[in-house]
Every structure is written in structure tokens, then in C-alpha cells.
Amino acid sequence: MTQQQIDPASNGLELITEVPERAMVVFAHPDDAEIGAGATAAKWAKLGCVVTYVQCTTGSSGSNDRSMTSEAIVPIRAAEQRAAADTIGVRDIEVLDHPDGWLDPDRVFLEELVRVIRKHRPDVVFAHDPERYSGFNHRDHRAVGITTKDAIYPYARDHLHFPHQVDKEGLEPWKVKHLLMWGTDQPNVIVDVTDSLETKIEALFKHKSQVGGLATNTDVATRLRTRATESAEGFDFKFAERFRRITARQ
Ligand SMILES: [Zn+2]
């Protein structure tokens, strides 16, 4: 199967201009949030949206350095993620502390995501697209995508799911309006990130252990600019991020 060619002019990609009050980015590993939705998150944060990060694993397997251990890489990646979040304009990071590579779309993980959604009450949630078929899709990414989708509908919304959160933890059910998924084969919305792409790149370079420790890694920056330019094709702005959006019935 060849990858579907998207022609924005004919394919009806909808331009998102509305900025929500609160947004949440749910991601598997430190740096996924910046790669997936960093420019949109930075743009919205600057315009007053409260953006919360939910980091589902510690990133304990994320190193190509054979002398690196999981114990050593975890605090490094935590500090890098904090610095990247600061650059994007994100205050709160919820870390769910699963080991890297061990995420399952099970009830434990589901309950954790329902809790953070009920706690932070985002209008829009970003996550990995679990249904990408055009290449390898990390098991943790699939687990985050599936479980986030389930957590939004129906679990966070309905009070009889995880009722102890409502009865004992003081949380209320919450309806997320939109789920926006990155890394998708089938984008249906687009965001103009011309003014925030450089912030995304700057944030990504905070993940020094992942981008080779080079603060001026021009290859990575060039690749990101090229991809963002391609994403904006057919529109009258320079850089874009694309997502697959699904909207909950109200
Ligand atoms: Zn990842």
C-alpha cells in the first residue's frame, strides 16, 4: 500500500485558529511531546492556554550510548524534559513513571490517564496516533494513543467509571472536546505554527541526550523546518503541524 498523498486544497484539511483555555499533551517518552505537538503547544501557551504535559514513561531505555544505564539516563531525561517544557511554556508535568518500553493499554494506565484528565480538565488533548500503519509505531506510542482515546471517552466523562476518583479524591467527571493525534497517516486539521516553530526546535534541543548533545544540530533543525514546510503546503503560511482530530459528541 502506498501512502496516501494529501492535497490540502482538495482534501479539506481544516485550519484550527481557535485557542482553547486548557490543553494536555500525553506522550510516551521525553521529547515526544515536542516532536509531536511542540509548535502548537508553544503557540497556544503564548496565547494564554494552560498546557499540561503527561509523560507516561521515564524514558529509561532512550540511549544509544553503550556505557549508559537506565538508572543514569532517567534523571538526565527528566531534567531535559523540564527544560524543554519551560521553553514551550508548560508549567505542570505529570510523570506516570512507567519503565520505557513497558506501557500496556491496561486498566492501571487507563485509571492514571482518567485521573490526570479529571484533575486538569483540558478542552483539547494531544497524543500519539495509535492507528498509524505506514511504518513502525513504537509499542509505547500505540499504548498511549489507545489508552488516551479510551480515557477521554467514555471513562473520564462518566462518573461510574473509576467512581472512587469522584467519591474519594474530589475529582469531577470531565468531557474533553477534541483529541488531536500526531504521527498520523490521516491528518484532517492543520495549525499555522510559523511563529512558534523555532520555539519547538529550541525545546527539542533541550533533550541533549537524544539529539547528540549538539546545541546547533543543524540536520535536525533543517529536517524539522522541511517537514513543517511540507505540512503547510497549499496554505498561505510557512510552517504547519498537522493532526488527526476526533471530536467528542457533547
Ligand atoms: Zn517516544
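No lab work stands behind these numbers, since they all come straight from the coordinates. This one's a predicted model, so the numbers in the text were calculated from it and none came from an experiment. When we count neighbours, we look across all protein chains shown, and the Cβ atoms used for this are built from the backbone with ideal geometry, even at glycine.
Per-residue ellipticity at 222 nm computed for the chain from its helices equals -11000 deg cm²/dmol, with DSSP H segments shorter than 4 residues left out and the rest contributing -39,500 (n - 2.57).
Given their separation in residues at 0.36 nm each and the Cα-Cα distance between them, Lys175 and Lys208 gain 8.2 nm when the chain is fully extended. Oblate is the label for the stretch 13-247, because a/c, from the alpha-carbon gyration tensor with a ≥ b ≥ c as root eigenvalues, is 1.5 or above and a/b does not exceed b/c. Need one number: nm distance between label points at Ala79 and Gln186, each 7 Å from Cα along Cα→Cβ, rounded to one decimal. Label at Ala79, label at Gln186, 4.4 nm between them. Here r is the Cβ-Cβ distance between Thr226 and Ile246 and R0 is 22 Å; the resulting FRET efficiency, rounded to 0.05, is 0.20. Bridges between two residues of the chain, per DSSP, are antiparallel at a rate of about 30%. Using a cut-off of 19 Å between Cα atoms, the listed pairs Lys119/Lys149; Lys43/Lys149; Lys177/Lys238; Lys119/Lys175; Lys177/Lys206 include Lys43/Lys149; Lys177/Lys238; Lys177/Lys206 as exceeding that distance. Between Thr69 and Glu198, the simple label model (points 7 Å from Cα in the Cβ direction) yields a spacing of 4.2 nm. Ranked for footprinting exposure by Cβ neighbours inside 10 Å, fewest first, Lys238, Lys168, Lys200, Lys43 give Lys168, Lys238, Lys43, Lys200. Footprinting exposure proxy ranking of Asp65, Asp123, Asp104, fewest other C-beta atoms within 10 angstrom first, gives Asp65, Asp104, Asp123.
Taken about its Cα centre, the stretch 139-198 carries a charge dipole of roughly 300 debye when the Cβ of each Lys and Arg holds +1 and the Cβ of each Asp and Glu holds -1. Computed packing ranks the peptides 24-35, 44-55 as 24-35, 44-55, most packed first, by mean other Cβ atoms within 10 Å.
Annotation note: chymotrypsin sites (Phe, Trp or Tyr not before Pro) in the stretch 149-245 located in DSSP loop regions with a Cβ neighbour count of at most 11 within 10 Å are absent. Label reach from Glu131 (point 7 Å along Cα→C-beta): in the stretch 14-54, amide nitrogens under 18 Å belong to 14. Between Arg22 and Ser61, residue separation times 0.36 nm minus the direct Cα-Cα distance comes to 11.0 nm. Placing dummy labels 7 Å off each Cα toward the beta-carbon, the span from Leu160 to Leu47 is 3.9 nm. The phi-based Karplus calculation (6.51 cos²θ - 1.76 cosθ + 1.60; θ = phi - 60°) puts the 3J(HN,Hα) values of the stretch 19-28 at 10, x, 5, 9, 9, 9, 10, 9, 9, 7 Hz, whole numbers, x for Gly and Pro. Between Thr194, His120, His161, the Cα set farthest toward the positive side of the dipole of the stretch 84-227 (charges on each charged residue's Cβ, about the Cα centre) is that of Thr194.
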